[in-house]
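Every number here is computed from the coordinates shown, using simple stated rules; none is lab data. The structure presented is a predicted model; accordingly, all values stated were derived computationally and were not measured. Every residue, glycine as well, gets a Cβ built from its backbone with ideal geometry; the counts of neighbours run over all protein chains shown.
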Amino acid sequence: MINTSTVELTKKFVKETLQGAEGGHDWFHTHRVFLNAQHIAKGENVNELVVSVGALLHDIADAKFHNGDETIGPKMARTFLSSIHVDEKTIIHIINIIEHISFKNSLDSDKAFSSIELQVIQDADRLDAIGAIGIARAFNYGGFKNRAMHNPDIYPNLNMSKEEYKKSSAPTINHFYEKLLLLKDKMNTQTGKKLAEERHQYMLNFLEQFHKEWNGNT
């Protein structure tokens, strides 16, 4: 049985911690991922507490907003979860999820952890990176980093290492080809795969229209 007080305390902590965060990685993003995870989990045999709390804490300190430091998020999660007396086995599982959920870490061949709870939350997070919300988030972050929307002279890099991905400052449109359009085929669960289809097609339609307008076609 899920401990609702643990989930509610985690929601409160995340809301407070992410106040003022960049719009694509704020509380609203986290809450959408939480809702997506709840939906996907219905079709899977999961630990509901791990899915709920893991989804809420998955972006508690995204490394790209902390000088690339990937240890801050797991440390913050451990400190918080210990303070509300979550058991050590659950804490370790949630920390593993935080450390392995991101797309960039999927580029690291040394990363070996997996669980159905990670797969559910990863699908939930990836769903929020595609479709209409994904498009909005991509351009919001591009504006946050003062990146070009598009530059036809800069081609997408389709074979990036993790370090190249982290250091990339390419135009936002490149991000669609380097990551977002790849996510549909990286979904783990049947529910995730099904939900990704429509969002993927929406991005393809957007890109077709974007390039048409960019080239001055009416």
222 nm mean residue ellipticity, helices alone, for the chain (DSSP H n ≥ 4; -39,500 (n - 2.57); rounded to 500) = -19000 deg cm²/dmol
query = Across the chain, where is the longest run that never hits trypsin sites (Lys or Arg not before Pro) in a DSSP loop with at most 16 other C-beta atoms within 10 Å?
reply = 146-218
query = Once the other residues with Cβ under 11 Å from the Cβ of Asp128 are scored (Lys, Arg +1; Asp, Glu -1), what is the net sum?
reply = +1
ask   = Hey, any idea what Rg/Rh is for the stretch 1-94, computing Rh the Kirkwood way over Cα pairs?
value = 0.95
task = Quickly work out the Leu181-to-Thr71 label distance, labels modelled 7 Å from Cα along the C-beta direction, and quote it in nm with one decimal.
result = 3.9 nm
key: Whole-percent pair-distance distribution, where bins are 5 Å wide, for the alpha carbons of the chain   = 1, 7, 14, 19, 20, 16, 11, 6, 3, 1, 1, 0, 0
ask   = Mind checking which of Gln190, Gln19, Gln119 has the largest fluctuation in a GNM of the chain, springs on alpha carbons under 10 Å?
value = Gln19
message = Using Cα springs under 10 Å in a Gaussian network model of the chain, which residue among Ala77, Ala55, Ala170 shows the largest mean-square fluctuation?
response = Ala170
request  = Report the label-to-label distance for Glu16 and His211 in nanometres (one decimal), using points 7 Å from each Cα along the Cα→Cβ vector.
outcome  = 4.9 nm
inquiry  = How large is the translational diffusion coefficient of the stretch 148-218 in µm² per second when you combine the Kirkwood radius over alpha carbon pairs with Stokes-Einstein at 37 °C and 0.692 mPa s?
reply    = 241 µm²/s
